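Shown next, in structure tokens, is the structure this report addresses.
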Amino acid sequence: MREVYLDNSATTRPYPEVVKAVLAAMEDYYGNPSSLHRKGVEAGRAVARAREAVADSLGVEASNIIFTGAGSEAINLAVKGLQPGRKGKHVITTAVEHPAVLNACGQLRERGMEITVLPVNNVGMVDPEDLTRALREDTYLVSIMHVNNEVGAVQPLADISAVIKEFRGAGRKLFWHVDAVQAYGKLPLRPPELGIDLLSVSAHKVHGPKGVGALYAAPGTPLKPLVAGGGQEWGLRSGTENVPGIAGFGVAAGIIAREARETAPKLFNLKKKLVDGILAAVPGAVLNGPACREDEPGCAPQIANISFPGLRGEVLLHALEGRGVYVSTGSACSSRKKPGSHVLRAMGLAEQLVEGAVRFSISTLNTAAEIDYAVEVTAGVVHELRELYG
């Protein structure tokens, strides 16, 4: 039985070069980067090289990159670490954000902040006009993701940027955070070009190691650390740096930067092959999110969320796993208190579509042959389950 891994939005298989870099750092650069002796200097240089690589991949200065212990930590540092100023007490986000954003905003609400959650349309996209209407004199933070991690909806960042720039044009202070964890390495994004103040990314979503994230913070952004200690990472993230993880992140960042032009087209072709194949082979299957077309700007190239009405996504997941195809039913970071996707519910999907949803997420390490196998197996498993459960 062959294995086809299609859960790349949960995590990715590290590049071989990344694994080598992590091992080399553990064996050779084991000093503390804050130490003044040679071993410390070597470790510090490894961190500096990685910082440059991550910065280059985003088109920003290395001094504006803060390494964290995860993408979720980078998000929390952006959302909770941003200082609101004297008048700020209002935050705007969306109903389809990652739990790290939504739960961080929930903690801000407990501190007395007011949170506005913007709705989305039936494919998971925000209307910039809703943002315009929601902005207030006391709004100090807008947190809107780039690519949704469950349905692959690409938010209209250029239009959102125009709204924010117009609001700022009246002399108001407003900061913009973008969760780019699912966009990084797949879609081009240069924070300064759009006026993004804070942008969070994660290493293990781009074939790097787990346990490493990064936050881009524009110069002058008023952040306060969430972790107190020795003042590492420009005083914004204390704790001895994870040198092996950061070194691996740097290598992954270098690879995705070199392959940037080829990545999105390759991913999209594989996704289209998968979506077209499943929709043709499985009667009643429904694609959730933007249409899978090259002329659809809201369609991310690597994520396909498909519902199979009459079946439960979790049952289908395990049946596919039994044939060597690995998928998910949504975000690996979602709360299990309420089964089903908060994203699909925010899109207004019928409950049977929510219950029967499966997320397929592709990486450049996947092949066309693997996609063909996944389509064949999915069609067969769905047929068998429908026969079994009627």
Which numbered condition ALA285 fails, given (1) surrounded by 23 or more Cβ atoms within 10 Å (Cβ to Cβ); (2) in contact with a Phe, Trp or Tyr (Cβ under 6 Å, 6 or more places away or on another chain): (1)
Number of positions in region 16-34 that are buried (at least 18 other Cβ atoms within 10 Å of the Cβ) and in a helix (DSSP H, G or I): 4
Selection from region 238-267 of residues that are touching a strand residue (DSSP E or B) at 6+ places or on another chain (Cβ under 8 Å) and either in the same structural domain as GLY298 (by TED's automatic domain parsing) or β-branched (Val, Ile, Thr) (or both): ILE246
Residue check for LEU131: within 20 Å of the chain's Cα centre (by Cα) and at pLDDT 95 or above: no
When residues of region 257-300 are limited to those that are touching a residue at least 60 places away in the same chain (Cβ under 8 Å) and of a type in the set (Lys, Arg), the one nearest to ALA53 (Cα to Cα): LYS266
So LEU349, is it modelled with pLDDT of 95 or more, under 20 Å from CYS292 (Cα atoms), in a helix (DSSP H, G or I) and outside the structural domain of THR94 (by TED's automatic domain parsing): no
Count - residues of region 13-43 that are more than 23 Å from SER363 (Cβ to Cβ), of a type outside the set (Ser, Thr, Tyr) and touching a residue at least 12 places away in the same chain (Cβ under 8 Å): 9
Test result for ARG13, at pLDDT 95 or above and either assigned to a loop (DSSP other than H, G, I, E, B) or surrounded by 19 or more Cβ atoms within 10 Å (Cβ to Cβ) (or both): yes
Yes/no for GLY235 being at positive phi, surrounded by fewer than 17 Cβ atoms within 10 Å (Cβ to Cβ) and either assigned by TED's automatic domain parsing to the domain that holds ALA350 or touching a helix residue (DSSP H, G or I) at 6+ places or on another chain (Cβ under 6 Å) (or both): no
Test set (1) of a type in the set (Asp, Glu); (2) closer than 30 Å to VAL117 by Cβ; (3) in contact with a strand residue (DSSP E or B) (Cβ under 8 Å, 6 or more places away or on another chain) - GLU314 fails condition number: (3)
Set LEU236, LEU199, LEU226: member being under 30 Å from PRO14 (Cα atoms) and outside any loop (DSSP other than H, G, I, E, B): LEU199
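The values are calculated or read from the model by the stated rules, or taken from the named source; none is laboratory data. Because the structure is a prediction, the values reported are computed rather than measured. Please note: Cβ atoms are built from the backbone with ideal geometry, for glycine as well, and neighbour counts cover all protein chains shown.
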